[in-house]
Amino acid sequence: MAHRVGLFGGTFDPVHNGHVSIAQSFLDSGNIDELWVLLTPYPPHKQEKKTTSYQTRLDMLEAAFAGMEKVKINTIENSLPKPSYSVQTIRYLKKEYPDTTFFYCMGEDSLAKFHTWKFYDEILEECDLLVAQRPGVFHEETQDDILAHTRFVPHTPLDISSSDIRDEAKKGKSIQNMVPEEVALIIENEQLYS
Ligand code: ATP
């Protein structure tokens, strides 16, 4: 069987326990052998916001996934033209790794918005989606052309988002239970969101 790799992209500002847990669910599903976490420098939909430096977001990602040997942090989007359109990254990786089968991984909340992504139909021509289920999120409206290329994986959701963490840190509240310990240390030492 071809080597199977899941691609999980994000801004990770910061990476949090929800990301770590969804990564584990993609691996546990048996659909992939490895998960490559794609750190996006400038995501098309978040360009207007100020983001933490690429290097610091990378340091946090490396720290968060240090204990998961099947997770690799991938920085290719920093070398590709910006903004980072997923289809461009997927095409590049398919060319570089012609013997690998890729899946594009996301949470069910992102699936609900997937039809608004630029070139979403071209992504589906390149690879199938792995979507971690999130009870309470409706994907019923998802178009059939998307569902035809989607595999759902079981997942127990954690209600955490990077924006919540930035808000809590700004208010001076503890973020210890939302991010891995090493990530909390980086945020505190560098006073990232205060
Ligand atoms: P922000 O709050 O800044 O929008 P975020 O927490 O959604 O950030 P991103 O880096 O934008 O984090 O997300 C990357 C990917 O992680 C997306 O596919 C998103 O669906 C998924 N994701 C984010 N939070 C969770 C969570 N709590 N559970 C499962 N998946 C999540």
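The values are calculated or read from the model by the stated rules, or taken from the named source; none is laboratory data. Just so it is clear, the structure is predicted and the values come from calculations on it, not from any experiment. Every residue, glycine among them, receives a Cβ derived from its backbone with ideal geometry; neighbour counts consider all protein chains shown. Keep in mind that these areas ignore ligands, DNA and RNA; they rest on the heavy atoms of the full protein, side chains included. Shrake-Rupley method; radii C 1.70, N 1.55, O 1.52, S 1.80 Å.
Just a few scattered comments:
- Some residue of segment 107-121 being more than 16 Å from the ligand (Cβ to nearest atom) and touching a Lys or Arg at 6+ places or on another chain (Cβ under 9 Å): no
- Per the listing 83, 98, the residue uniquely more than 13 Å from the ligand (Cβ to nearest atom) and either free of Cβ contacts under 8 Å to residues at least 12 places away in the same chain or in a strand (DSSP E or B) (or both) is 98.
- Residue list for segment 30-49, filter: modelled with pLDDT of 95 or more, assigned to a loop (DSSP other than H, G, I, E, B) and open to solvent by 20 Å² or more (accessible area, probe 1.4 Å): 30, 31, 33
- Taken together, 52, 89, 56 contain a single residue that is open to solvent by less than 30 Å² (accessible area, probe 1.4 Å), more than 13 Å from the ligand (Cβ to nearest atom) and over 21 Å from residue 130 (Cα atoms), which is 56.
- Test: residue in segment 166-177 that is touching a Phe, Trp or Tyr at 6+ places or on another chain (Cβ under 8 Å), in a helix (DSSP H, G or I) and either away from the ligand (no atom under 16 Å from the Cβ) or of a type in the set (Ser, Thr, Tyr) (or both): no
- Just one of (1) over 17 Å from residue 27 (Cα atoms); (2) touching a strand residue (DSSP E or B) at 6+ places or on another chain (Cβ under 6 Å); (3) of a type in the set (Lys, Arg) fails for residue 50. It is (2).
- Residue match in segment 171-188 (condition: modelled with pLDDT under 90 and either open to solvent by 30 Å² or more (accessible area, probe 1.4 Å) or under 20 Å from the mean Cα position of the chain (by Cα) (or both)): no
- Residue within segment 132-148 that is of a type in the set (A, V, I, L, M), open to solvent by less than 10 Å² (accessible area, probe 1.4 Å), modelled with pLDDT of 95 or more and within 16 Å of the chain's Cα centre (by Cα) present: no
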